[in-house]
Amino acid sequence: MTPDKLFVDRIHSGDVQSPAGPTPARRRPRRGEARAGYAFLAPWLLGFFLLTAGPMVASLVLAFTDYDLFNAPTFVGIDNFTRLFADQRYLASLKVTGLYVLLGTPIKLASSLAVAMLLNNAFSAKGFYRSAFYLPSLVGASVSVAIVWKAMFIDGGIVDRIGQGFGLEAGGWVGDPGKTMPMFVLLTVWQFGAPMVIFLAGLKQVPAELYEAAAVDGAGPVRKFLAITLPMLSPVLFFNLLLETIHSFQIFASAFIISGGSGGPANSTLFYTLYLYIRGFADFKMGYASAMAWILVMVVGLVTLVFFKSSKLWVHYSGEEK
């Protein structure tokens, strides 16, 4: 038997302590760290199961029942889901929300990218301008901003008076079904600060050597934007597109405040989440509202899946081989 083998056998028999220390002693700190980790995770896990997972499971069950908050739920199968597509107000909410997503999201992203490119250039007081443009996104989702927005666009408001100065017809935007959608699109575009900051961070990562090489080849600003900026920013663009699309599906507070909770005039502001709220908490049709909520989850999930699948065609990551 060699000396090394003899030494190992003596360690296993307990005659000699391993240089790294006894095995049980080495395990104790790991168990302690694990317990500490679980202790730190416990508040989040508790909140997730009680406030997110639990209500979601309850909502899924209620979607198959007739429940009015005051009486015990009655199982109705898929009736809530089939009745949705015969509900004209539900179809109107689908149309309003879809139009808002298709108009508001691309205009907001284009505006935020344009401003980010302007702020990416070297000029004095750019820190002030970055803060000023970001500020609306901090307060844009608040109730107070929705109230101010409504006051600006009602009959006789400041926007109405400015429009009259240019010869436009008076009457305000809030009460005109043909003008309510542009009003909400303007509101969401005004809140472009968050995607703008993300675009600005992405622009900082584009190597200046690429633009210098393109300039040597005689490329103009448009060519540089299409051939360098957009491909290099495609991961950031994908992130912003996904995030803003999901946010657009969830619009509620501003629609509730500006329409007075009714979705009017003529259902022109009846966004999906607003109608869900009306059915659940005004009409006390919690089963019906739960079915609406799960259809919204499925639609957002499907849109997200389409975005991820299509991203293989237009999102380029550094060092990735196609």
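The values are calculated or read from the model by the stated rules, or taken from the named source; none is laboratory data. Remember, predicted model here, so these are calculated numbers, not experimental data. Glycine gets a Cβ as well: all are built from the backbone with ideal geometry, and neighbour counts include every protein chain shown. Note: accessible area is taken over every heavy atom of the protein model, side chains too, but ligands, DNA and RNA are not part of it. Shrake-Rupley method; radii C 1.70, N 1.55, O 1.52, S 1.80 Å.
Between 283, 217, 176, where does the largest GNM mean-square fluctuation fall for the chain, given springs only between Cα atoms within less than 10 Å?
Checking each option, the largest mean-square fluctuation is seen for 217.
Given springs between every Cα pair under 10 Å in a Gaussian network model of the chain, which of 276, 41, 186 has the largest fluctuation?
Its mean-square fluctuation being the largest, the pick is 41.
Where Lys and Arg each count +1 and Asp and Glu each count -1, what net charge lies around residue 74 among other residues with Cβ under 14 Å from its Cβ?
-2
Need one value: the accessible area of residue 159 in square angstrom, 1.4 angstrom probe, rounded to the nearest 10.
30 Å²
Hey, in the GNM for the chain with a 10 angstrom Cα cutoff, which one of 278, 228, 107 fluctuates hardest?
Residue with maximal mean-square fluctuation among 278, 228, 107: 228.
Could you tell me the distance between the Cα centroids of region 158-182 and region 248-299, to the nearest Å?
Result: 25 Å between the Cα centres.
Given H placed 1.01 Å from N in the peptide plane, which residues other than close sequence neighbours of residue 66 have an amide H under 5 Å from its amide H?
So residue 66 has HN proximity to 74, 75, 76.
If you put +1 on each Lys and Arg Cβ and -1 on each Asp and Glu Cβ, how big is the dipole of the chain around its Cα centre, in Debye rounded to 20?
Working: 25 positive and 19 negative charges, 149 e Å.
I would put it at about 720 debye.
Report the local net charge at residue 278: Lys and Arg +1, Asp and Glu -1, summed over other residues whose C-beta lies under 11 Å from its C-beta.
Values: positive: 89, 279, 285; negative: 283.
Charge balance in the 11 Å sphere: +2.
So if I place +1 on the C-beta of Lys and Arg and -1 on the C-beta of Asp and Glu, and nothing else carries charge, what would the dipole magnitude of region 114-260 be about its Cα centre? I want it in debye, nearest 20. Show your work: numbers first, answer last.
Numbers: 8 positive and 8 negative charges, 50 e Å.
For region 114-260, the charge dipole is close to 240 debye.
So which DSSP H runs in the chain come out at 27 Å plus along the axis (Cα) with average Kyte-Doolittle of at least 0.5?
Details: long enough: 23-47 (37 Å, -0.65); 88-119 (46 Å, 1.12); 230-249 (28 Å, 1.30); 286-314 (41 Å, 1.47).
Result, helices passing both filters: 88-119, 230-249, 286-314.
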